[in-house]
Amino acid sequence: MNLKEKLLSSFIAFEEHVDTDASLHEVRMAALKNFEEKGFPSKKEEAWKYTSLNSVLKTDYSIFPKNENAVELNDVRKYFLHEIDTYKAIFVDGVFASFLSSTTHDGLDVCLMSSALTKPKYKLVIDHYFNKIASQDETLTSLNTAFSIEGAYINIPKNTVVEKPIEIINFSTGKEHALLLQPRNLVIVGENAQVQIIERHQSLNGHPVLTNAVTEIFAHKYANVDYYKIQNDLLSANLVDNTYISQHDHSVVSVHTFSFGGNLTRNNLNFYHFGERIDSTLKGITIIGEKQHVDHYTLVHHGAPNCESHQNYKCIVSDSATGVFNGKIYVEKEAQKTDAFQQNNNILLSDKATINAKPQLEIFADDVKCSHGCTIGQLDESAMFYMRQRGIPEKEAKALLLFAFSNEAIESIRIPALKQRITKLIATKLGVSLGFDL
């Protein structure tokens, strides 16, 4: 039995633990039907042209973890942003870990999707937001929707400034032979509200794990959302991260993606504009080696006039690793005065490293300012020579140049403790020890 067949047959057992009379049941059934008809994505699809899931899907994953896999705080403490106080929504093998978490209902909701999907007081919110911006065509998103049961539910009321960042961390203990996880996050940020969120997926040992995550973010008028994704997992981990963002008038949303670890990582990041004076920022740093594969697929859909979007992705690839950037800017006829920028810069550090880049513009408005650019190259030999002539060892000179290459995305991190951690993590990835363990 292959993984698709296993999932379809497991859905009956899954339904025994959910309310089949709820309105969400129809949503699940429609999503499952879509997945059944289309199956897993393949390289025959243009959006997946450079990424194959074949090797990942051969593993016999457990669909439902045993829920017996507790961890100790000392085992995971280093993955928390412990330098500052944060709200925490922590999940272990797909199950909420209350003793590791710090959630709240005091003026804002930082709690569980399982509560939001089942308790009557959340019904109106779930009916209005759940699965409303997520793609109905992306089959892995449909698969997640069909099996959605747990994740982070974050609802920030209007005019609220969340004083502490929110951490969402999904741990995989590896106590299963192999595990499929499907976390579902819903983030609603009310009018004139502000929030900072840090998301991470982390394996604790070398057993295979496949995470198929979906996050929906709704930013209302004048809302400000600062979202950070840290991807530094073990080489036995695979991640498909689907993020969908709905923005309304004057909202500002930025997403920073730091991709350093894991075997195969696919980031689907989609922004949709539903109002004027919207600002969207997408930045990413990818540093990979060995046989790692990281694919960034981005879409900014400009559907209203007078909006801006800024994309800047940097990728450093060594050994036999592969990096992919497939970014699209789509400008509707009504979206006049759009200002859209897209840049992708890549450095290859070995002859066997590979970059596939496909920047795209689809513009149907006639009064816009849109640009895109892509570069693929190696370190500047003249700059290396200049630094070596001044007594800087080759290893340190190379690291300094790569730091400078990555600096723009680092500098825009608005959480100082996270900025320090990412800086030192990059130093470690580049082979320069700064005495920091992550």
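Modelled label positions at N356 and K119, each set 7 Å beyond Cα in the direction of Cβ, lie 4.5 nm from each other.
Summarising the amide proton neighbourhood of S309: residues at separation of 5 or more, or on other chains, whose placed amide H is nearer than 5 Å comprise S280, D339, A340, F341. In a DSSP loop and with at most 15 other Cβ atoms within 10 Å, there are no chymotrypsin sites (Phe, Trp or Tyr not before Pro) in segment 122-187.
The dipole here belongs to the chain: it is taken about the Cα centre, uses +1 on the Cβ of Lys and Arg and -1 on the Cβ of Asp and Glu, and is about 780 debye.
Assuming R0 = 41 Å, what is the FRET efficiency of Q378 and E45, from their Cβ-Cβ distance, to the nearest 0.05? Numbers along the way, then the final one.
On the way: r = 32 Å, r/R0 = 0.77.
Plugging the Cβ-Cβ distance into 1/(1 + (r/R0)^6) gives 0.85.
Rounded to the nearest 20 debye, the dipole size of segment 98-250 about its Cα centre is 280 debye, using +1 on the Cβ of Lys and Arg and -1 on the Cβ of Asp and Glu. Here the spin labels are modelled as points 7 Å beyond Cα on the Cα-Cβ line, and at R390 and N2 they lie 5.7 nm apart. Taking every alpha-carbon pair under 8 Å whose residues sit at least 6 apart, the chain reaches a relative contact order of 9 percent. Where in the chain are the helices, taken as whole DSSP H runs, whose Cα atoms extend 24 angstrom or more along the long axis and whose Kyte-Doolittle mean reaches at least 0.0? Both cut-offs are met by 394-411. Between F403 and F99, the simple label model (points 7 Å from Cα in the Cβ direction) yields a spacing of 4.1 nm. Under 5 Å between amide hydrogens, built in the peptide plane, is the criterion, and for I376 it picks out N346 among residues at least 5 positions away or on other chains.
With 0.36 nm allotted per residue and the present C-alpha distance subtracted, the S412-E36 stretch has 131.2 nm of extension available. Among the chymotrypsin sites (Phe, Trp or Tyr not before Pro) in segment 348-438, those placed in a DSSP loop whose Cβ has at most 15 other Cβ atoms within 10 Å are F364, F436.
Accessible area per residue was computed with a 1.4 Å probe on protein heavy atoms; T428 scores about 80 Å². Heavy atoms of the protein chains alone define the surface here; on that basis segment 254-299 has 23 Å² accessible area per residue at 1.4 Å probe size. Applying 1/(1 + (r/R0)^6) with r as the Cβ-Cβ distance of F64 and D366 and R0 = 45 angstrom yields a FRET efficiency of 0.25.
So what's the net charge close to I197: Lys and Arg +1, Asp and Glu -1, counting the other residues with Cβ under 9 Å from its Cβ? Summing Lys and Arg as +1 and Asp and Glu as -1 gives -3.
Put simply, the C-alpha atoms of segment 301-371 give a gyration tensor, and the ellipsoid matching it has half-axes of 32, 10, 7 Å, longest first.
The heavy atoms of T139 offer some 10 square angstrom of accessible surface to a 1.4 angstrom probe. Of the residues L124, L400, ranked by 1.4 Å probe accessible area with the largest first, the sequence reads L124, L400.
Longer than 22 Å from Cα to Cα, which of K33/K132; K33/K229; K328/K424; K229/K283 are they? Say none if no pair is.
K33/K229; K328/K424
Fully extending the segment from D127 to S52 would add 23.6 nm, taking 0.36 nm per residue of separation and subtracting the current Cα-Cα distance.
How about segment 44-119: which trypsin sites (Lys or Arg not before Pro) there are in a DSSP loop, with at most 12 other Cβ atoms within 10 Å of their Cβ?
Sparse-neighbourhood loop trypsin sites (Lys or Arg not before Pro): K44, K58, K66.
Considering only alpha-carbon pairs that sit under 8 angstrom and 6 or more positions apart, the relative contact order computed for segment 100-225 is 27 percent.
Largest accessible area first, the listed residues Y222, Y79 line up as Y222, Y79 when surface is computed with a 1.4 Å probe on the assembled protein chains. Overall, the ratio between the Cα radius of gyration of segment 143-244 and 2.2 N^0.38 Å, rounded to two decimals, is 1.17. By its C-alpha gyration tensor, with a ≥ b ≥ c as the square roots of the eigenvalues, how is segment 96-177 shaped: rounded for a/c under 1.5, else prolate for a/b larger than b/c, else oblate? Verdict is oblate for segment 96-177.
Each Cα pair of the chain feeds into the Kirkwood radius, which the Stokes-Einstein equation turns, at 25 °C and 0.890 mPa s, into a diffusion coefficient of 110 µm²/s.
The values are calculated or read from the model by the stated rules, or taken from the named source; none is laboratory data. Remember, predicted model here, so these are calculated numbers, not experimental data. Quick reminder, even Gly has a Cβ in these numbers, built from the backbone with ideal geometry, and neighbours come from all protein chains shown. Ligands, DNA and RNA are stripped out before the accessible areas are found, and what is left, the full protein with its side chains, is counted by its heavy atoms. Shrake-Rupley method; radii C 1.70, N 1.55, O 1.52, S 1.80 Å.
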